[in-house]
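The values are calculated or read from the model by the stated rules, or taken from the named source; none is laboratory data. Everything numeric in this text was worked out from a predicted model, so none of it was measured. We place every Cβ from the backbone using ideal geometry, glycine too, and count neighbours over all the protein chains shown.
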Ligand code: SF4
Ligand code: SF4
Ligand code: SF4
């Protein structure tokens, strides 16, 4: 069998491998065929073709019936036309039919400006709604802190189902009913808050329209900033700085840390702090726990616990393993706890008069901040969580010319950070940061080697054996809950001899979080965000968490030592078994 197939597309010849789809073959000729349901993530070697939207139809060999380009493989001598009048008419009619049952709410839709349906209507020059028919009337699910589900806007591309069931293996969403009543539902039509949804937001990231969107809390931030009785501080997660610039026409992979700090100050925050500081703190606590467990040879492998999506996943689905994740809170919650105790005391303010706002790449962090255990005496440690996209919206709304801003630094005492903390934003970063500290602590030296290349990367499950103080530590890193499931099942069967495992719910880690600027399947953007994060790490004068001078001061003045009684009270948590239906 020949290993190439000759195809002609729009009168241009192209040679492709057998099995290639028309969609892929056309892309080799720089022809983009529009799609709404095709789901391809190159970095993760993932592709799902349903052919359900039919927008990608093309003419093949002059046949009467048009074929969907996304799931039709090429054959030798195939002759494809992608822009004949028949194709144009068919695509416009399909789009007209989709729009006939789509709310005409573009101006107030969370996805306004990022909607692929809106883009397609503009591209196809649709200037009126041709079919006015029956429209859906589903109740909007607003019952959780993270995600809004408005199935009236659903176009049944089924990408959310694929993200939830195949990539994440959470299994919350599935297609129900037929014909006009077809929709994507939850078990017994429950709100997401009553399901095992982990609020990772990967369904939101996949949704081409505004049927699934983030719960926008930017107005609450404006209200807080304009309350003269409150002091309002902000923390920004590591992955935010590597993606925020995309919202302001910077090339993907441009780190905008200094401009972001400046913009936050212009928005009116009383102090601009950094979650990276708390990531260094996380490493102090988590590495202490790791070393204790290694010495006692107990409760291994230690599983990282920075990601609330992943935490909720194991609480629902692996209750027999609740003893092995680290008890360390996530950096977001450690920051909140330190702000409402150490910082509030330092500036002489009652914690209830201090509002902590988080800017996160993540939708699960919105849910995490609302967990009961992260409040003390009725005061939440983190009051409002907004996403990278929401922050970009606020900066635009305030009329701040972001591109022109000078770089500024974070404030102290919760703003100083190291290279170890910034890599938390990428898959592999938490474990690498812990290894940097563990190696120094176990040898009692200030080791020069800080780069643990084998744990870096975005995809799959990465394993490495690293030498630390004469010990061979077998570690693993993965992201995406489908991959996490594989590792957890290995642990359950007693087939895993790891010392530590880092798991992040979103494929690639936080740089691909559900609150980041939309990539619409272009995973090359994730590679660039990752490069920006590691470049920032390399450029930092201090690259180990335990060397952060403000962390050292925090322990000296307040917490005493890693793992102390106070540190346990404020920086550690417990996990609970949750319903798995
Ligand atoms: S947020 Fe995550 S777990 Fe919840 S429905 Fe979406 S993909 Fe599934
Ligand atoms: S909710 Fe969004 S992703 Fe899911 S089927 Fe509807 S349009 Fe597609
Ligand atoms: S990987 Fe990061 S962005 Fe995704 S759910 Fe976890 S913490 Fe949030």
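The condition (being under 22 Å from residue 289 (Cα atoms), over 15 Å from the mean Cα position of the chain (by Cα) and either modelled with pLDDT of 95 or more or not in a loop (DSSP other than H, G, I, E, B) (or both)) is satisfied by just one residue among 485, 436: 436.
One residue alone among 293, 371 is at negative phi and out of contact with any helix residue (DSSP H, G or I) (no Cβ under 9 Å at 6 or more places or on another chain), and that residue is 293. Filtered by the rule that a residue be part of a loop (DSSP other than H, G, I, E, B) and within 16 Å of ligand 3 (Cβ to nearest atom), the range 168-194 gives 168, 169, 170, 172.
For the range 545-570, a residue qualifies if it is crowded, with 20+ Cβ neighbours inside 10 Å and either in the same structural domain as residue 191 (by TED's automatic domain parsing) or more than 25 Å from the chain's Cα centre (by Cα) (or both), and the qualifying residues are 546, 548, 551, 554, 559, 562, 567, 570. Considering the range 306-334, the residues that are in contact with a helix residue (DSSP H, G or I) (Cβ under 9 Å, 6 or more places away or on another chain) and without any contact (Cβ under 8 Å) to a residue 60 or more places away in the chain include one that is nearest to residue 493 (Cα to Cα), namely 326. What residue, among those in the range 23-34 that are free of Cβ contacts under 8 Å to residues at least 60 places away in the same chain and touching a helix residue (DSSP H, G or I) at 6+ places or on another chain (Cβ under 7 Å), is nearest to residue 55 (Cα to Cα)? It comes out as 33. Examine the range 202-219 for a residue that is assigned to a strand (DSSP E or B), more than 15 Å from residue 359 (Cβ to Cβ), within 16 Å of ligand 2 (Cβ to nearest atom) and touching a helix residue (DSSP H, G or I) at 6+ places or on another chain (Cβ under 9 Å), and state whether such a residue exists. Yes, some residue in the range 202-219 is assigned to a strand (DSSP E or B), more than 15 Å from residue 359 (Cβ to Cβ), within 16 Å of ligand 2 (Cβ to nearest atom) and touching a helix residue (DSSP H, G or I) at 6+ places or on another chain (Cβ under 9 Å). Scanning the range 291-308 for residues that are over 26 Å from the mean Cα position of the chain (by Cα) and in a helix (DSSP H, G or I) gives 291, 292, 293, 294, 295, 296.
Would you confirm, using the coordinates I've provided, whether residue 80 is part of a strand (DSSP E or B) and modelled with pLDDT of 95 or more? For residue 80, the condition - part of a strand (DSSP E or B) and modelled with pLDDT of 95 or more - is met.
Evaluated against (1) more than 16 Å from ligand 2 (Cβ to nearest atom); (2) in contact with a helix residue (DSSP H, G or I) (Cβ under 9 Å, 6 or more places away or on another chain); (3) outside any helix (DSSP H, G or I), residue 536 falls short on exactly one condition, (3).
Taking first residues from the range 275-287 that are within 14 Å of residue 339 (Cα to Cα) and partners that are surrounded by fewer than 24 Cβ atoms within 10 Å (Cβ to Cβ) and at pLDDT 95 or above, the Cβ contacts under 7 Å between residues at least 6 apart in sequence or on separate chains come to 277/415; 277/416; 277/550. Based on what the data block shows, is residue 382 touching a strand residue (DSSP E or B) at 6+ places or on another chain (Cβ under 6 Å) and either closer than 17 Å to residue 199 by Cβ or not assigned by TED's automatic domain parsing to the domain that holds residue 299 (or both)? Considered against the rule, which asks whether it is touching a strand residue (DSSP E or B) at 6+ places or on another chain (Cβ under 6 Å) and either closer than 17 Å to residue 199 by Cβ or not assigned by TED's automatic domain parsing to the domain that holds residue 299 (or both), residue 382 comes out as yes.
Within the bounds of the range 44-64, is there any residue that is crowded, with 21+ Cβ neighbours inside 10 Å, without any contact (Cβ under 8 Å) to a residue 40 or more places away in the chain and either within 16 Å of ligand 3 (Cβ to nearest atom) or in a loop (DSSP other than H, G, I, E, B) (or both)? Yes, because at least one residue in the range 44-64 is crowded, with 21+ Cβ neighbours inside 10 Å, without any contact (Cβ under 8 Å) to a residue 40 or more places away in the chain and either within 16 Å of ligand 3 (Cβ to nearest atom) or in a loop (DSSP other than H, G, I, E, B) (or both). Inspect all residues belonging to the range 250-264 and state whether any of them is within 16 Å of ligand 2 (Cβ to nearest atom), surrounded by 19 or more Cβ atoms within 10 Å (Cβ to Cβ) and assigned to a loop (DSSP other than H, G, I, E, B). Checked against the condition, which is being within 16 Å of ligand 2 (Cβ to nearest atom), surrounded by 19 or more Cβ atoms within 10 Å (Cβ to Cβ) and assigned to a loop (DSSP other than H, G, I, E, B), the range 250-264 yields no hits at all.
All conditions in (1) within 21 Å of residue 276 (Cα to Cα); (2) out of contact with any helix residue (DSSP H, G or I) (no Cβ under 8 Å at 6 or more places or on another chain); (3) part of a helix (DSSP H, G or I) hold for residue 411, with the sole exception of (3).
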